[in-house]
Amino acid sequence: MVNFILRSLRIPAGLVVLALAALLLGSDAFGDINNLDSLQTIVGPLLILVVGMTLLFVVGNFDLSIGAVMGLAGIVAAIAMNAGLGVFTACLLALGCGLLVGALNGFLVAVLGINPLIATLAMLAIVRGVIEWLVRGLGVAGFTSMPADFVALGNAKLLGLYAVVWVGLALVLTADWGLARWPRLRQLYLIGGNPASARLLGLPVRGATFSVFVLTGGLAALAGLLATARVGMANRYLGIGAEMEVIIACLIGGAVLAGGRGSVLCAALGALFMALLKNGFNLVEVAPQWQGVALGAILTLVVVLDGLTALRRRRQGLAA
């Protein structure tokens with residue numbers, strides 16, 4: 001496991017170094033305090049999201065609805081706070097929505113056996129539709145009136161880092177340690193790598209898969225809450241495209257679509273690379289549509305490489 005993580009670290013770490021070097025040499029604005037704050041706003045939620053997505057990859061699944069859940073959490077919290085509920089209660093409601101969506105995804109995939117692509121894509125459409133209904137009649141900015149305590153939470157800094165980044169780092173380190181040391185999490189590798197053997201050994205394949213989906217939904221809601229608190233507004237655009245960025249980050253970090261492999265720490269480095277890439281696009285003023293083209297091309301490349309790697313492993317297995 002240690003050797004796998006060390007091998008997997010090389011690619012995302014190398015990409016991060018290259019991206020940092022390119023930005024430091026290519027843009028004087030990169031080191032500006034406002035830009036670094038903007039970079040934290042991008043990378044913080046991604047760190048939280050890759051934790052759940054990596055665990056899903058390990059068990060051989062993924063979730064395309066996490067970006068929508070981010071947006072839903074921000075909207076639900078904003079509506080609750082504008083209705084007079086306290087910050088804590090509003091945050092609990094938002095987290096509950098995320099856990100509910102995660103539970104629905106888990107039921108569809110783990111219990112009913114629906115393909116995760118179909119199940120979570122459908123959930124993405126449903127949640128985005130709910131968001132549009134909740135913000136009907138509002139302008140582009142959405143909800144802009146937030147309690148001071150809530151905004152202060154998002155803008156609190158310790159050692160120069162915002163709360164969303166600290167939360168992301170804590171979750172990454174905890175999950176990475178758990179996958180390496182805690183038997184209940186380590187068994188996810190067997191569940192994803194060889195479900196049939198896992199069932200014969202009595203491992204709770206369905207239960208574990210369901211639980212990881214629920215956790216992923218909750219983490220997506222947490223990311224949405226902290227992102228909303230950071231920017232001080234909630235609108236329909238929060239989280240759009242986040243699922244693609246997170247999937248790319250996980251694949252760059254060594255996760256495979258077939259399951260049984262993945263490192264949260266490596267995925268976190270992949271998330272940092274994606275944040276640097278997005279920040280670089282903004283610095284050089286790349287049009288949003290071309291940013292989408294670039295991300296799509298990167299996703300295609302990493303999926304093709306994942307497929308080629310899986311094919312090579314199958315051939316090596318047959319040869320053995």
ask   = If you take the residues of segment 174-192 that are more than 16 Å from Gly259 (Cα to Cα) and free of Cβ contacts under 8 Å to residues at least 12 places away in the same chain, which of them is surrounded by the fewest Cβ atoms within 10 Å (Cβ to Cβ)?
value = Pro183
message = Show me the helices (runs of 4 or more DSSP H) entirely contained within segment 116-220 in which 1 or more residues are farther than 20 Å from Leu92 by Cα and not charged (D, E, K, R).
response = 116-134, 163-181, 183-193, 195-200
query = Is it the case that Ile114 is closer than 27 Å to Ala196 by Cα, hydrophobic (A, V, I, L, M, F, W, C), touching a helix residue (DSSP H, G or I) at 6+ places or on another chain (Cβ under 6 Å) and free of Cβ contacts under 8 Å to residues at least 40 places away in the same chain?
reply = yes
query = Is there any pair linking a residue in segment 87-109 that is within 12 Å of Leu72 (Cα to Cα) to one that is open to solvent by less than 30 Å² (accessible area, probe 1.4 Å) and among the polar types (S, T, N, Q), with Cβ under 8 Å and at least six apart or on different chains, and which?
reply = Val101/Ser65
key: Filtered residue count, segment 71-129, keeping only those that are of a type in the set (Val, Ile, Thr), in contact with a strand residue (DSSP E or B) (Cβ under 8 Å, 6 or more places away or on another chain) and open to solvent by 50 Å² or more (accessible area, probe 1.4 Å)   = 1
inquiry  = For a quick check of your reading of the model, give me the residue pairs whose first member lies in segment 119-135 and is free of Cβ contacts under 8 Å to residues at least 40 places away in the same chain, whose second is open to solvent by 70 Å² or more (accessible area, probe 1.4 Å) and outside any helix (DSSP H, G or I), with beta-carbon atoms closer than 9 Å and at least 6 apart or on different chains.
reply    = Ala119/Leu112
key: Subset of segment 225-254 (residues that are in contact with a Cys (Cβ under 8 Å, 6 or more places away or on another chain) and in a loop (DSSP other than H, G, I, E, B))   = Gly253, Gly254
task = Determine, yes or no, whether Ala163 is touching a residue at least 40 places away in the same chain (Cβ under 8 Å) and either polar (S, T, N, Q) or buried (at least 22 other Cβ atoms within 10 Å of the Cβ) (or both).
result = no
inquiry  = What's the number of the only condition in (1) open to solvent by 40 Å² or more (accessible area, probe 1.4 Å); (2) not in a helix (DSSP H, G or I) that Leu15 fails to meet?
reply    = (2)
key: Residue list for segment 272-320, filter: at pLDDT below 75 and either in contact with a His (Cβ under 6 Å, 6 or more places away or on another chain) or of a type in the set (Ser, Thr, Tyr) (or both)   = Thr309
note = Of Ala94, Ala110, the only residue that is touching a Ser or Thr at 6+ places or on another chain (Cβ under 9 Å) and closer than 20 Å to Ile240 by Cα is Ala94
query = Which pairs do you get when a residue that is in contact (Cβ under 8 Å) with a residue 40 or more places away in the chain and part of a helix (DSSP H, G or I), found in segment 45-73, comes within reach of a residue that is of a type in the set (Phe, Trp, Tyr) and open to solvent by 10 Å² or more (accessible area, probe 1.4 Å), reach meaning Cβ atoms under 7 angstrom, with the pair 6+ apart or on two chains?
reply = Met53/Phe62; Leu56/Phe62; Val58/Tyr189
request  = Assess whether Leu138 counts as being more than 16 Å from the chain's Cα centre (by Cα) and open to solvent by 30 Å² or more (accessible area, probe 1.4 Å).
outcome  = yes
query = Do you know which residues across segment 259-290 are of a type in the set (Gly, Ala, Ser) and at positive phi?
reply = Gly259, Gly260, Gly262
query = How many residues are in a helix (DSSP H, G or I) and either open to solvent by 10 Å² or more (accessible area, probe 1.4 Å) or acidic (Asp, Glu) (or both) when one looks only at segment 255-267?
reply = 1
query = Hey, among the residues in segment 217-234 that are open to solvent by less than 30 Å² (accessible area, probe 1.4 Å) and not aliphatic (A, V, I, L, M), which one's farthest from Ala103 (Cα to Cα)?
reply = Gly232
inquiry  = For the list (1) open to solvent by 10 Å² or more (accessible area, probe 1.4 Å); (2) of a type outside the set (Gly, Ala, Ser); (3) within 30 Å of Arg181 (Cα to Cα), I need the number of the one condition that Ile248 fails.
reply    = (1)
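The values are calculated or read from the model by the stated rules, or taken from the named source; none is laboratory data. Just so we're clear, the structure is a prediction, and the values are computed from it rather than from any experiment. As a convention, Cβ positions derive from the backbone with ideal geometry for all residues, glycine included, and neighbour counts pool all protein chains shown. These area figures cover heavy atoms from the full protein model, side chains too; ligands, DNA and RNA do not enter into them. Shrake-Rupley method; radii C 1.70, N 1.55, O 1.52, S 1.80 Å.
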